[in-house]
Amino acid sequence: MTVRVLGRVHADADDHWDGNWLRFTIDGLDQTDLPAMVSALVAIERAYPLLGGR
């Protein structure tokens, strides 16, 4: 699987919430990849919790 970042959705935004949205494409994604992707995202969320204590 390849994730290619094409740019930012709101390139001129200067705040955290709008400035971090990305435009991207994903090539080679298969449904069998989804459980591993979900596990990776959960691990990232645990390692880097959101602001505000959520």
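The values are calculated or read from the model by the stated rules, or taken from the named source; none is laboratory data. Here the structure is a predicted model, which means the values were calculated and not measured. Counting neighbours? That spans all protein chains shown, and the Cβs are built from the backbone with ideal geometry, glycine included. Note: accessible area is taken over every heavy atom of the protein model, side chains too, but ligands, DNA and RNA are not part of it. Shrake-Rupley method; radii C 1.70, N 1.55, O 1.52, S 1.80 Å.
Between Arg8 and residues 5 or more places away or on another chain, which pairs have amide H atoms under 5 Å apart, with H built 1.01 Å from N, and which residues are they?
Those qualifying (amide H under 5 Å, at least 5 residues apart or on another chain) are Arg23.
Ignoring any ligand, DNA or RNA, what whole percent of the accessible area of the chain comes from carbon and sulfur when the probe is 1.4 angstrom?
Numbers: 2900 of 5020 Å².
Carbon and sulfur: 58 percent of the exposed surface of the chain.
Please report the net charge: other residues with Cβ closer than 14 Å to the Cβ of Thr2, K and R +1, D and E -1.
On the way: positive: Arg4; negative: Asp27, Asp30, Asp33.
For residues surrounding Thr2, the net value is -2.
Using the Cα centre of the chain as the reference point, and only Cβ charges (+1 on K/R, -1 on D/E), how large is the resulting charge dipole? Debye, rounded to the nearest 20.
On the way: 5 positive and 8 negative charges, 27 e Å.
Around 120 debye, computed over the chain.
Averaged per residue, what accessible surface does the chain expose to a 1.4 Å probe, in Å²? Could you put the intermediate results ahead of the total?
Working: 5020 Å² over 54 residues.
On a per-residue basis, 93 Å².
Could you give the nm distance between label points at Val5 and Arg23, where each point is 7 Å from its Cα heading toward the beta carbon?
Placing both labels 7 Å along Cα→Cβ, they lie 1.5 nm apart.
Work out how much length Ala36 to Ala13 would gain on full extension: take 0.36 nm times their residue separation and subtract the Cα-Cα distance, in nm to one decimal.
Values: separation 23, 0.36 × 23 = 8.28 nm, distance 3.21 nm.
Taking Ala36 through Ala13 to full extension adds about 5.1 nm, to one decimal.
At 4 °C and 1.567 mPa s, grab the translational diffusion coefficient of the chain from Stokes-Einstein with a Kirkwood Rh over Cα pairs, rounded to a whole number in µm² per second.
On the way: Rh = 13.3 Å.
Taking Rh from Cα pairs, D becomes 97 µm²/s.
Would you kindly derive the ³J(HN,Hα) couplings of the range 3-16 from the backbone phi angles with the Karplus curve 6.51 cos²θ - 1.76 cosθ + 1.60 (θ = phi - 60°), listing them in order in whole Hz, with x for Gly and Pro?
Using θ = phi - 60°, the values come out as 9, 10, 7, 9, x, 9, 5, 10, 4, 8, 5, 10, 10, 4 Hz.
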